[in-house]
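Rule-based calculations on the coordinates, nothing more; no lab input. It should be emphasised that the depicted structure is a prediction, and the values quoted were computed from it without experimental measurement. Here Cβ is always computed from backbone atoms with ideal geometry, including for glycine, and neighbour counts include all displayed protein chains.
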Amino acid sequence: MSFPRELYLQAVHLHGLYATQPSQAHLRRAVSACYYSVFHLLIEAASAKWLVVEQRTRFARVFEHGRMKQAALEVSKRLGTSKPEDPVYTADPDEVAKLIGIAVSFVELQSQRHVADYDSSKTWTAAEVEDALFEAESALQVWNEIQHSVPAQEFLLAMFVRDRRPDR
């Protein structure tokens, strides 16, 4: 079983603990695990492309939360306004829509993770955690459908490097 799937299942487990009265600690950790399941899914997908297997773990460490968030925020703008010379221009619109959904989920889960980890004034409900679980599960499933598409590969590249072309 992959690490991202394990993190997702951990979130499910934490959400289900003491189901009638879940603790804030369990709910918060579940939200955090939801985000990290998608975070590691994307890093794992990008790292798998690295040719030297022994270097993949080290390569995975170059990914930064902020850069990945920026790439996710930019993906819908770029995909929605691609030019004919852009490789994603001819992409399947359904794949593009699915990728945009993953990007939106990533940003939302990252925001929720920040609140869960750093805002002690927030009281989490089981329903809010269920929403995060749904976002994470959807992202994991949809990624498997589109991971080899040109838009998905462009997204992985954008998480790693900033596009310096003047028309971006």
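One table, with the values for the structure above:
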read-out	value
Estimated FRET transfer efficiency when R0 is 35 angstrom, pair S120-A48 (beta carbons, to 0.05)	0.40
Listed peptides 2-11, 149-158, 25-34 by packing density, highest first (mean Cβ within 10 Å)	25-34, 149-158, 2-11
Approximate spin-label separation S23-H65, in nm, with each point projected 7 Å along Cα-to-Cβ	2.3 nm
Degrees between helix 65-80 axis and first principal axis of the chain (Cα, 0 to 90, nearest 10)	50 degrees
Student exercise, segment 3-160 dipole from Lys, Arg, Asp, Glu Cβ charges, in Debye to nearest 20	520 debye
The chain - mean residue ellipticity at 222 nm from DSSP helices (-39,500 (n - 2.57) per run, n ≥ 4, rounded to 500)	-23500 deg cm²/dmol
Karplus (6.51, -1.76, 1.60) ³J(HN,Hα), θ = phi - 60°, over segment 9-15, in Hz, Gly and Pro reported as x	5, 4, 4, 4, 4, 5, 5
Segment 3-160 shape via C-alpha gyration tensor axes, a/c threshold 1.5	prolate
Alpha carbon centroid spacing (whole Å) that separates segment 15-79 from segment 111-153	9 Å
In degrees, nearest ten, helix 24-47 long axis to first principal axis of the chain (Cα)	20 degrees
Dipole of segment 3-160, positive direction: furthest Cα of H40, N144, P93, with charges on the beta-carbon	H40
Chymotrypsin sites (Phe, Trp or Tyr not before Pro) lying in DSSP loop within segment 16-65, provided at most 14 other Cβ fall within 10 Å	Y18, W50
